[in-house]
Amino acid sequence: PDAPVVKLSYRFGDGWKFLCVVPPRGEARRIAGEPKAIGLWIYGDGQHTSPRLRLTDSSGQMWQPTGDTIDWKGWQYVEFELKPSTDHWGGGKDGVLHFPLTWDSLFLLDNPSKKKKEGAIYLAAPVLIY
């Protein structure tokens, strides 16, 4: 109940649209150790958007784990697993996580329907799971 909360208001037009929450440059982008997953509390608005993260490994591969479609209203804990089957591209192109990782996007909200949509979600208490 005392955790800081970030509100994301969005308005997507027709077509492929998404928004990213990015960290500042420098040390804030580095992720220590070898996490297996990332957890986050999301207050959903039931608009069927897709929560994602983006991380870059030391080979330059971009990894984009995806959580459950936000088809709920209210708070729900969402876990983003880091595993070889996670969507990835670029860099070494070998499907292997090469540590250390860095944040590209702390959070990405995607609109897979590609139709006009607007709403607001809230994010709280992110954790790295080792």
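List of remarks:
- Distance from segment 1-50 to segment 86-130 (C-alpha centre basis), Å: 8 Å
- Accessible surface, 1.4 Å probe, highest first, among residues Glu118, Glu79: Glu118, Glu79
- Net charge of Cβ neighbours under 14 Å - reference Ser50; Lys, Arg +1; Asp, Glu -1: +1
- For the chain, a crude dipole built from +1 on the beta carbon of Lys and Arg and -1 on the beta carbon of Asp and Glu, taken about the Cα centre, is about 420 debye to the nearest 20.
- Three-way shape label, segment 72-130, alpha-carbon gyration tensor, a/c 1.5: oblate
- Taking the protein heavy atoms of the chain in the context of the full set of protein chains, the accessible area attributed to carbon and sulfur is 53 percent at 1.4 Å.
- Cα-based shape type of segment 46-86, given that a ≥ b ≥ c are square roots of the gyration tensor eigenvalues and the cut on a/c is 1.5: prolate
- Accessible surface area normalised per residue over the chain is 56 Å², counting heavy atoms of protein chains with a 1.4 Å rolling probe.
- The shape of segment 33-104 comes out prolate: with a ≥ b ≥ c from the C-alpha gyration tensor, a/c is at least 1.5 and a/b beats b/c.
- Seen from Asp68, the other residues with C-beta closer than 13 Å to its C-beta sum to a net charge of -3, counting Lys and Arg as +1 and Asp and Glu as -1.
The values are calculated or read from the model by the stated rules, or taken from the named source; none is laboratory data. Values in this document were obtained by computation on a predicted structure and should not be read as measured data. Counting neighbours? That spans all protein chains shown, and the Cβs are built from the backbone with ideal geometry, glycine included. All accessible areas refer to the heavy atoms of the entire protein, side chains included, with ligands and DNA or RNA removed. Shrake-Rupley method; radii C 1.70, N 1.55, O 1.52, S 1.80 Å.
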